[in-house]
1. Out of Val132, Val167, I need the residue that is assigned to a loop (DSSP other than H, G, I, E, B), among the hydrophobic types (A, V, I, L, M, F, W, C), in contact with a strand residue (DSSP E or B) (Cβ under 8 Å, 6 or more places away or on another chain) and touching a residue at least 12 places away in the same chain (Cβ under 8 Å). Which one?
2. Can you name every residue in segment 387-409 that is surrounded by 15 or more Cβ atoms within 10 Å (Cβ to Cβ) and not in a loop (DSSP other than H, G, I, E, B)?
3. Are there any pairs with C-beta distances below 8 angstrom linking a residue in segment 399-421 that is at positive phi to a residue that is β-branched (Val, Ile, Thr) and more than 9 Å from the ligand (Cβ to nearest atom), with the two at least 6 apart or on different chains, and if so which?
4. Contact list please: Cβ distance under 6 Å, first residue in segment 430-445 and touching a residue at least 24 places away in the same chain (Cβ under 8 Å) and closer than 14 Å to Arg252 by Cα, second residue away from the ligand (no atom under 14 Å from the Cβ) and in a helix (DSSP H, G or I), pairs at least six apart or on different chains.
Amino acid sequence: MQRTIKIKLNPTQKKKDEILSTMKVYQETVNRFINKFSGYKYLDKLNYKCLYKPKNKDKRIASNYSTNALAYAVTLLNKRLDLIRKECKARIYNHITNKEERHYLFYLLKQPKYIQAIMLRKEFVVDKEFDVRQEYLNKYIHRILRHEFKNNNTPELKKPLLRTDVVTANIQEYKDSKHFSHIIKLSTINKGTRVIIPFNPNKWALKLFSKRKGCFIVCPDEKGKLNLHIPIEEEIKENNNVQEIGIDKGFRKLIVDSNKQKYGEDWNKLEKKLDNKFQKKQKQRNKLYGLKTELYKKWTETKDKKIYKKIKHLEKYNLSKKKFNNNKVKTKETIKNNVNKVVNSFVSKNPKLKTIVLEKLGRFNKNKYGRKSNRLLNQWKRGFLKDKLTFISQLNSIELAYQNPAYTSQECLNCGYPDRRNRNSERFTCIKCGFKEDADVNGAMNILKRKYDQEISLYTPYKQVKEILLKRYSDGVIKPPRLEKLNSVKSCESYKQPLQEQNIILATGGESFNSSPQ
Ligand SMILES: [Zn+2]
C-alpha cells in the first residue's frame with residue numbers, strides 16, 4: 001500500500017521563488033494537457049506512448065518537465081476513468097442479474113476502445129462472442145456511463161506543485177555536513193540550472209526512506225512552506241477476522257457503532273468551541289471591513305493622507321489574509337487530530353474487525369446534521385473522517401462496506417416503521433411501537449442491517465426506499481413482539497442473516513434473540 005512521508009524543506013527565499021514559479025508553470029502545463037486530452041476521442045489513447053509527440057511539448061518549461069506533466073495528466077485522466085468504471089460496475093451489480101449480461105458489460109468497461117465507441121455512439125464489434133441483448137445493454141451502459149462522466153468532473157490540478165522524476169529531481173546523502181544529512185537537486189524553469197536544497201529527514205522518515213517508490217512531489221503547505229512528499233510502499237497487514245460493525249456518524253459524538261459504543265463523545269463541545277471562535281473572528285472581520293469601506297469613501301471625497309494611512313494600517317494588521325488563513329489552518333489541524341484520535345481508538349478497541357459498514361454520503365443527505373452547525377467545520381470533519389477511515393482500512397486490510405443511507409436514521413429497529421417523528425435529536429422513540437434507543441445507535445444498527453438487505457441496494461432511489469420500508473411494515477414482515485428482547489440484546493449478530501431468512505424467524509415469534517449471547 002502506498003502512503004507518503006512529508007519532509008519540510010527550508011530553501012532560501014530566492015530558491016523558493018524559483019521553485020514556486022516553476023510550480024506555477026508546471027501546474028498550468030498539466031491542466032492544459034488534461035483539457036486537451038479529456039475528450040472521449042482520446043479515451044483509447046490515454047497512455048504516455050500514444051500521446052507523447054514532439055508537437056505536444058510545452059515550450060515554456062524544460063523538456064523534462066513537459067514530458068513529466070504529460071505523464072501526470074494521463075495518470076489523472078486514467079484515475080478518473082477508473083473511478084467511473086468502479087461506479088458503473090457497482091450499478092451493474094445492482095441492476096443486471098443475468099450473469100452473461102454482466103459479463104458482457106464488464107468486458108466492455110474493461111477496454112477503453114469500447115467505452116469510447118459507446119460514448120461517441122459509434123458502431124463497434126465486440127471481439128468476443130456473447131449471447132446477450134446487445135442493443136439493450138449498449139443503451140443501458142451508455143446511460144450509466146454518461147451519468148458517471150457527469151458525476152466525475154474532469155480532473156484539475158488545483159494547487160501548484162511539482163511532481164518530479166529521476167531526471168528532474170535527485171536526492172543524495174550529504175555526509176560532510178554537520179547540519180544536514182541529505183540534499184535534493186531540483187530542475188527548475190530556468191533551463192540548465194538546478195536548485196540545491198539541503199534537508200534533514202527525521203528519524204521516523206529516515207527509517208521509511210529505504211522503502212521509497214515512485215515520484216517525489218514538492219508542494220507548498222497551507223502556510224506556504226515547501227514540503228517534500230515521498231511515496232513509500234508499506235506492507236499490508238493480513239486480516240483473518242470476521243467481525244462486522246456498523247457505524248454512524250453521530251449527532252453529538254463523532255462515531256457511534258452498532259455495538260452501542262460511542263467514540264469522540266466530547267466532539268460536540270469541541271465543535272461548539274471552534275465554531276464560536278470562528279464566528280467571533282468572522283464578525284470582527286466583517287466589522288472591520290465595514291470600517292474600511294467607510295474610510296475608503298471618505299478618502300475618495302477628501303483625499304486625506306491620514307485616512308489613507310489608516311486604511312493601509314487596517315489592511316496590514318487587522319485584515320491580513322495571512323492571519324486569517326493561519327487561523328483556518330489551526331482549526332483544521334485541531335479537527336484532523338481529533339478525528340484521527342477517535343478513529344484510532346475505534347480500531348484499537350475492535351481488534352477482531354474485518355468489515356466496517358457505513359453510509360455512503362450522497363448529494364441528498366449532505367446536510368443531515370442540521371443547518372445550525374457550521375457547514376465549513378462539518379465539511380472538514382466529514383472529509384478527514386473519510387480519509388482516515390480509508391487510510392486505516394487499507395493499512396489493516398479492513399473492508400469498508402458502503403450502504404444506502406436513506407431512512408436509516410428514521411427507521412425503527414424494532415418494527416421497521418420509518419418516520420421523521422421517530423427521531424428527536426439524540427433520542428429515538430418509535431411512534432408506532434414505542435421502541436426506545438439512542439438515535440445514533442439505532443442508525444448504526446440499521447446501516448449494518450442494510451448490508452444484508454436484498455431489496456435496498458446502494459443505488460435504490462430515496463423515495464423507493466421509503467416505499468419498500470412502508471410495505472414491509474404494513475405487510476407485517478417485521479412485527480413488534482420483539483420489543484422487550486431487542487432492548488436487551490447487546491450485539492446485533494442476528495441481523496447478519498439475509499432478510500429473507502429473518503422473515504421466517506420473525507414469523508415464528510423472534511426466538512432468534514434468545515440464542516444470541518447475553
Ligand atoms: Zn417501532
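1. Values: Val132 fails: in contact with a strand residue (DSSP E or B) (Cβ under 8 Å, 6 or more places away or on another chain).
Step by step, each of Val132, Val167 is checked, and only Val167 is assigned to a loop (DSSP other than H, G, I, E, B), among the hydrophobic types (A, V, I, L, M, F, W, C), in contact with a strand residue (DSSP E or B) (Cβ under 8 Å, 6 or more places away or on another chain) and touching a residue at least 12 places away in the same chain (Cβ under 8 Å).
2. Lys388, Leu389, Ile392, Ser393, Gln394, Leu395, Leu400, Ala401, Tyr402, Gln403
3. If the second residue must be β-branched (Val, Ile, Thr) and more than 9 Å from the ligand (Cβ to nearest atom), the pairs left are Tyr407/Val465; Gly416/Val477.
4. Filtered contacts from segment 430-445: no entries.
The numbers here are math on the coordinates, done by the rules we state, and not lab data. These numbers come from a predicted model, not from an experiment. For neighbour counting, all protein chains shown are included, and Cβ atoms are generated from backbone atoms with ideal geometry for every residue, glycine included.
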